[in-house]
């Protein structure tokens, strides 16, 4: 089992972030062909594309900035929690039909151009 981490930037790249979006897009694009190549060995490949999560980087931002970012998430209107990411990893591992796919974990967030 291989589980990669991309980002919603792979799909919603922002101005000034072309290189970052391209690198995350490459991870997303790699998922299906590698899953097909490794299938003969019984190895599954998945990618998670998280949205805005509570991370050490976010902890360094002001409460006002974090609240503004959280308000942009349609539902639930908050930052993602590491435990939610971990729960998805566990589900991917347990569900053997999940293979060759990118899962957005973002509360339906779509990033604006800026």
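The values are calculated or read from the model by the stated rules, or taken from the named source; none is laboratory data. Note that the structure is a prediction, hence the values are computed from the model and not measured. Note that each Cβ is placed from the backbone with ideal geometry, even for glycine, and that neighbours are counted across all protein chains shown.
Details
- Scanning the stretch 40-77 for residues that are at pLDDT 95 or above, out of contact with any strand residue (DSSP E or B) (no Cβ under 9 Å at 6 or more places or on another chain) and within 29 Å of residue 1 (Cβ to Cβ) gives 40, 41, 42, 76.
- Taking the stretch 9-114 as the region of interest, the helices (runs of 4 or more DSSP H) fully inside it that hold 1 or more residues being touching a residue at least 60 places away in the same chain (Cβ under 8 Å) and under 14 Å from the mean Cα position of the chain (by Cα) are 18-38, 82-94.
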